[in-house]
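The values are calculated or read from the model by the stated rules, or taken from the named source; none is laboratory data. Since the model is a prediction, treat every value here as computed from it, not as a measurement. With ideal geometry, Cβ positions are generated from the backbone for all residues, glycine too; neighbour counts draw on all protein chains shown. Side chains included, ligands, DNA and RNA excluded: accessible areas come from the protein's heavy atoms. Shrake-Rupley method; radii C 1.70, N 1.55, O 1.52, S 1.80 Å.
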Amino acid sequence: MVGTYEGKDVGDTLVFLANGFVEDYENGKKLEIERKWSVVKGEIHVKYSGGFIKVWRINKDKSITYIADIEDGKERIVLITDGGTFKKIK
């Protein structure tokens, strides 16, 4: 899953690094948020401070789609519509 993924909006990019961290870019500018990622049961989990986790589905075409949140490490909240798909570009 290491690689660079681009969203629909130009400049919205996620970079999954081999060291387990994620870099997030909006409008081409790097955000100063430190987050870690891991693969759990075939999904990508991106952990934010405070225990909040964004869950991404790995698609057959190697893109990823934001599908759910996990709050307090327990309660999984599935999004009614997908939260956006990012295509792998590198």
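The accessible surface of the chain, taken with every protein chain in place and a 1.4 Å probe, is 52 percent carbon and sulfur.
Of the options [x] 1.07; [y] 1.02; [z] 0.95, only one is Cα Rg over 2.2 N^0.38 Å as computed from these coordinates, and that is [y].
Spin-label pair Ser63-Asn27: with each label point 7 Å from Cα along the Cα-Cβ axis, the two points sit 2.5 nm from one another. With the simple model of a label 7 Å out from the Cα in the direction of the Cβ, Met1 to Ala18 spans 1.8 nm.
Accessible area per residue for the chain, computed on protein heavy atoms with a 1.4 Å probe, is 66 Å².
Between the listed residues Phe86, Trp37, Ser63, the Cα displaced farthest toward the positive end of the dipole of the chain, a dipole computed from Cβ unit charges relative to the Cα centre, is found at Ser63.
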